[in-house]
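Presented below is the structure to which this report refers.
The values are calculated or read from the model by the stated rules, or taken from the named source; none is laboratory data. Keep in mind it's a predicted model, so treat the numbers as computed, not measured. Here the Cβ positions follow ideal geometry from the backbone for every residue, glycine too, while neighbour counts run over all protein chains shown.
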Amino acid sequence: MRIVLYKGQSQYGSLRLHADQLAQALAELGHEASIVDLLAPDANDRLKATFDSRPDAYLGFGGVGVDIQSNGVSIYDLLGAAFASVHVDHPVHHIARLSARVGRHAAFFLDRSHVEFVRAWPGGRSLAAVAFMPPGANELAEPADTSDAAFAARDIGLLFTGTYRGEPGAPWRAQPEGAVRTIMEDVAQRMRADATLPILKALDAALRHVINAPLTEDLLGKFAPVLSQPQLYAEAWHRNALVEVLGAAGAPMTVYGKGWGALAERFPSLAWGGEGSFEQTLSLLRRARLVLNTNNGFVDGGHERVFTAMCGGAAVISDANPWYAEAFAPAELSTFEWRAMDAVPAQIEALLADPAALAAQARAGAAKALAGHTWRARAQTLVQTLSAIP
C-alpha cells in the first residue's frame, strides 16, 4: 500500500514524531510511506508531486489535510484515494474536520467511547470507516536497558510530562440563562463528579434531567459543535485536582511542559524542568523510575504516554479505565481511581519504596508494550482498515 503522511503543527512536536515513526513502521512492513511536511515552504509542490504516484491513502493526525480541495472537490476523491484521520483527542474537538466531504474517509480514535460517540453522531454517517486504534509507543533507536542495575541508576523518581491547564474554564456560563446553558453545566458537573463518564452518557443524563428528554440523533447533532467546552472543563478539572493533591502532600515530582511555573512556586516538591519537547521526553523516560499518566478525558482507551514510558523502561501509574484493565495486568501497570484521589500520594510513595518490585513492573510493562503497542502494531491495524474500504 502507498500512503502519504502529513506533518503539521503539534504541541511539543508529538504528532510530528508520531508521523515519522508510523511512516517507519509502515516501511518495515513492506509498504511505501512518504511524508509531506505542511509547514515546509515548498509544501504545495511536495504535495502535488505525490499525485503522480497515485497513493492509496493520505493520513493526517488530528485530521490535518482533510480539507484540501481542488475546485471545491476533495483531492482524495479526485485521486481515488482514501483519507485516514488519526485522532489523539476527543472527537468533539474535531467536529469540523470529521464533517469534511471526503468519500473514503477512515477515522481512527484512541478510545472506544470516542468511537461510540462518532457512530451516534449524525455527522459520522459520512465516514467510510470508524475504528479504535490507540497511538503507538514512540521509541528511541536503542532499546532500553530494563535490568535491575540500570533501573537502580535512574535518577528521576516520579515524572510527569504534559501541559498544566490550571483551573478549568466554563465559557457557557457567559451565555444567557436558559435550557442550553443549564444542560452544558449539568454535563460538565457530571463529568467532573465521575472521571470515567463518557460525554455521550453525560449529555443523555443531562437532557433527561433538565428537559425530561432522552438524547436523540438530532439533539446530538445540535450539541456536538459546543461539547468541546464541557469536555475541556472536565479534563482540566481532574488534572488540576490530582496535581493539587500531590502538591499538598509534598510528593516529589519532576514535571516538564507548559504552564507549570506558578504551581512549582506554590509546591516546592514539584521540580519543573521547563517546557521541553516530545523528543526530549524520550530521553527523560529512560531516567525515570515511575511515570504518572492522566488520561485527559480518555475513559476507555489508551494514551501514548503509557506505551512510550513502558518502552522506555519506566514503570507507569495511570488513572484506571476498562480498556487498561483488559490490556494490562496489575503487575504491568499500576492504576488509581479518581474517587480515591487522596490515596494517590501514598500509593506512589509505596511503589517508589520498593525498587525491586517497581523494576519488575517496568520490565513486564515493557514486554507487553513492545509486543503489542508499538507503531508497528498500529500500522497493521491501519492497513487492514484502509484495505477493507470499497
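So the values come out like this:
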item: Positions within segment 305-330 being assigned to a loop (DSSP other than H, G, I, E, B) and farther than 21 Å from residue 13 by Cβ, in sequence order; result: 313, 320, 321, 328, 329, 330
item: Some residue of segment 65-80 being on the phi < 0 side of the Ramachandran plot, surrounded by 21 or more Cβ atoms within 10 Å (Cβ to Cβ) and at pLDDT 95 or above; result: yes
item: Those residues of segment 196-239 which are among the aliphatic types (A, V, I, L, M) and under 18 Å from residue 93 (Cβ atoms), in sequence order; result: 197, 199, 200, 202, 203, 220, 224, 226, 227, 232, 234, 236
item: Residues of segment 195-237 that turn out to be of a type in the set (D, E, K, R) and touching a helix residue (DSSP H, G or I) at 6+ places or on another chain (Cβ under 8 Å), as a count; result: 2
item: Criterion violated by residue 177 - all others in (1) surrounded by fewer than 21 Cβ atoms within 10 Å (Cβ to Cβ); (2) in a helix (DSSP H, G or I); (3) of a type in the set (Asp, Glu) satisfied; result: (2)
item: Which listed residue, of 232, 207, 220, is under 11 Å from residue 187 (Cα atoms), part of a helix (DSSP H, G or I) and in contact with a Pro (Cβ under 8 Å, 6 or more places away or on another chain); result: 207
item: Any hit, segment 289-304, residues being buried (at least 20 other Cβ atoms within 10 Å of the Cβ), at pLDDT below 95, assigned to a helix (DSSP H, G or I) and in the same structural domain as residue 246 (by TED's automatic domain parsing); result: yes
item: Scope segment 270-281; condition over 12 Å from residue 159 (Cβ atoms) and touching a residue at least 60 places away in the same chain (Cβ under 8 Å); matching residues; result: 275, 277, 278, 279
item: Subset of segment 246-264 that is assigned to a helix (DSSP H, G or I) and aliphatic (A, V, I, L, M) - its residue that is nearest to residue 317 (Cα to Cα); result: 246
item: Matching option when the condition is more than 30 Å from residue 198 (Cβ to Cβ), modelled with pLDDT of 95 or more, out of contact with any Pro (no Cβ under 6 Å at 6 or more places or on another chain) and among the basic types (Lys, Arg), among 119, 112, 154; result: 154
item: Spans of helices (runs of 4 or more DSSP H) in segment 1-107 with at least 1 residues aromatic (Phe, Trp, Tyr) and in contact with a Leu (Cβ under 9 Å, 6 or more places away or on another chain); result: 43-51
item: Meets criteria (modelled with pLDDT under 95, touching a helix residue (DSSP H, G or I) at 6+ places or on another chain (Cβ under 9 Å) and either under 30 Å from residue 273 (Cβ atoms) or of a type in the set (Ser, Thr, Tyr) (or both)) for residue 164; result: yes
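For (1) β-branched (Val, Ile, Thr); (2) assigned by TED's automatic domain parsing to the domain that holds residue 86; (3) surrounded by 15 or more Cβ atoms within 10 Å (Cβ to Cβ); (4) under 30 Å from residue 84 (Cβ atoms), each residue gets a yes or a no:
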{"residue": "330", "(1), (2), (3), (4)": "no, no, no, no"}
{"residue": "345", "(1), (2), (3), (4)": "no, no, yes, no"}
{"residue": "368", "(1), (2), (3), (4)": "no, no, yes, yes"}
{"residue": "383", "(1), (2), (3), (4)": "yes, yes, yes, yes"}
